Amino acid sequence: MIALLLSLAAGLPQRLSETGLYADIATRTIAPGVLPFTPQYPLWTDGAAKQRWIKLPEGKAIDARDPDNWVFPVGTRFWKEFSFGRAVETRMLELLPDGRWSYASYAWSADGSDALLAPERGLKNAAQTPAGTRHDIPGRMDCRACHEAGPNRVLGFNALQLSTDRDPLALHAEKPAQGALDLAQLVERGLVRGLPEEFLRQAPRIAARTPRERAALGYLQANCSACHNSRGELAPLGLHLDNRLVAGGSPLDSLRPRAELLQKRMGSRDPLTQMPPLGTHLADREALEFIRAWIREELGQGEREPVQPQTTSK
Amino acid sequence: MNKLHIALFAAIPVVALALLQTSQAANSGDEARIARGSYIVNSFGCADCHTPKKFGPNGPELDNTRAFSGHPADFVMPPPPVMPEGPWNLAVAGTLTAWSGPWGVSFPANLTPDPETGLGKWTEETFISTIRSGRHMGRGREILPPMPIEQIRNMTDEDLRAIFAYLHSLPAVKNKVPDPIAPAAAR
């Protein structure tokens, strides 16, 4: 595996400007064919502003026949930029010909002229956040810790996150970026193929008993379920916070006996107990209050029939 | 009994023998792997921290009746001493199963295959990703000193598989090692 990691690192561009994201990095002009997207349930990163892009190889499309496990064409690239007042970091994922994903992060120079490949072990204290905490650029093993803990390597680009039926209560929801593609547009442009007909007729959404529950489950999906899911390495822990569109169980049953611990871990930034264990030094107070209220007032209310998804246009 | 049945019956011992040989080969492979794991673990000094101690006729020695079961749950440690400023900034229990330093307080883990308190539910993949990432279960908090993770992460996958096979061959010992304690400044 060591040789494997070294070989993956060896092929990484040394500068962000060499990765294909920009046509002109000086003017931040995005390259043709690089498409912005905005997931409806963003990951909490201490309040960082984010931009995200995907580039599919020319003429290739995503196979969405299994709506919970999209298959990306070889050569697919993703970028995600993190800003605290200025761009601090841009992460990149690429699907290699042998089926593995490579992970890289680029640290922006203070003058914003370009970003350099961060060391394999990451870069601690790469920037300071407005709250006075530090922002650490994760190491490549840290990338793998979250992105390789379940069946999907891509976490924020899927049928649920890109659904046109966006959750109005989603925490820290971002206004879709200009030109951002949603699920319906991706299908219409032939970039997502094979999506089951039912999700074309009715945009995907989390099954929940109340609007607040929907948003709470969406938050846990985005922030916890990369590791705490029903199909990954940590499934034996019993906390399954993934909301699968097909044949998925409800996260509620696994959450009920662990609700107290979940709140404690969410609220902690003691590095030995905090959750998520990396990528944040600042507890998400707004989300914690929201989740607490939902747990207190709704989670323990016993079994009720899930609210049926509303019919929406695709 | 037709010819087909006769042929099938005749084939049974052959198939059985082949399966037996395959099984023996697998067992032999397992044994070789466990032996390799034993060699690494027991020459690398893992027991120094991960095995409780007892007093024998010659002083403290490894308590191999509970080998690799980590810091004993019933050995409750008092709060660590406050160390003065300067280079003497570590404190360690005489058993080597409790350590205090700038990272907080850490207790060597139960490495036996007990399903609730040890590695019984871990897969080989979880073990390898833990060592490679330096994170608990490959995903969680960082593995703390004095675990020499920086050295062990350089081992080959094959050696890590051998270590895991050896640890899983040990008698399971039920012992819930205390959780680590963060330094006061981080709490």
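What follows is calculated from the coordinates using simple rules that are stated; it is not laboratory data. Since we're looking at a predicted model, the values are computed, not measured. Reconstructed Cβ throughout: ideal geometry from the backbone, glycine too, with neighbour counts over all protein chains shown.
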| query | Per residue, how much space in cubic angstrom lies within the convex hull of the C-alpha atoms of the range B:49-187? | reply | 135 Å³
| query | What is the set of long-range amide H partners of A:Trp101 at a cut-off below 5 Å, with H atoms built 1.01 Å from backbone N? | reply | A:Leu96
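What average count of beta carbons from other chains do you get within 10 Å of the Cβ of residues in B:171-182?
1
Beyond a 26 Å Cα-Cα separation, which of these cross-linked pairs lie in this structure: A:Lys60/A:Lys124; A:Lys124/B:Lys176; A:Lys124/B:Lys121; B:Lys54/B:Lys176? Spell out each step's value before the answer.
Values: A:Lys60/A:Lys124 37 Å; A:Lys124/B:Lys176 33 Å; A:Lys124/B:Lys121 33 Å; B:Lys54/B:Lys176 19 Å.
Distance filter (> 26 Å) returns A:Lys60/A:Lys124; A:Lys124/B:Lys176; A:Lys124/B:Lys121.
Note down the relative contact order for the range A:151-209 as a percent, whole number, built from C-alpha pairs under 8 angstrom at least six residues apart. Before the final figure, lay out the partial values.
Values: 28 pairs, mean separation 28.0, N = 59.
Over the range A:151-209, the number comes to 47 percent.
Just check chain A against the gyration tensor rule for me: Cα atoms, a ≥ b ≥ c as the square roots of the eigenvalues, rounded for a/c under 1.5, and otherwise prolate or oblate depending on whether a/b exceeds b/c.
Values: a/c = 1.63, a/b = 1.24, b/c = 1.32.
Oblate, because a/c is 1.5 or more while a/b does not exceed b/c.
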| note | Taking R0 as 22 Å and r as the Cβ-Cβ distance between A:Lys264 and A:Ala131, the FRET efficiency 1/(1 + (r/R0)^6), rounded to the nearest 0.05, comes to 0.55
| Per-residue ³J(HN,Hα) for the range A:103-119, Karplus 6.51 cos²θ - 1.76 cosθ + 1.60, θ = phi - 60°, Hz, x for Gly and Pro | 10, 8, 9, 10, 9, 6, 6, 4, 7, x, 7, 6, 10, 9, 4, 6, x
| message | Can you compute the helix-only [θ] at 222 nm over the protein assembly as shown? Use -39500 (n - 2.57) per DSSP H run of at least 4 residues, normalise by all residues, nearest 500 deg cm²/dmol. | response | -8500 deg cm²/dmol
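Rounded, prolate or oblate: which fits the range A:1-110, taking a ≥ b ≥ c as square roots of the Cα gyration tensor eigenvalues, rounded meaning a/c under 1.5, else prolate when a/b beats b/c? Walk me through the numbers on the way to the answer.
Values: a/c = 1.44, a/b = 1.19, b/c = 1.21.
Rounded, since a/c falls under 1.5.
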| remark: The rounded separation in angstrom of the Cα centers of the range B:136-187 and the range A:127-161 is 23 Å
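Just checking the output field for B:135-145: average partner chain Cβ neighbours within 10 Å of each residue's Cβ?
Partner-chain Cβ atoms within 10 Å, mean over residues of B:135-145: 6.
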| said: Given R₀ = 22 Å, what would the calculated FRET efficiency be for B:Leu62 paired with B:Trp88, taking r from the Cβ atoms and rounding to 0.05? | reply: 0.20
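Average partner chain C-beta neighbours within 10 Å, per residue of A:234-245?
1
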| said: Show me, for the range B:66-77, the HN-Hα J-couplings you get by feeding each phi into the Karplus relation (A = 6.51, B = -1.76, C = 1.60, θ = phi - 60°), rounded to Hz, glycine and proline as x. | reply: 9, 4, 6, 8, x, 5, x, 4, 7, 9, 7, 8
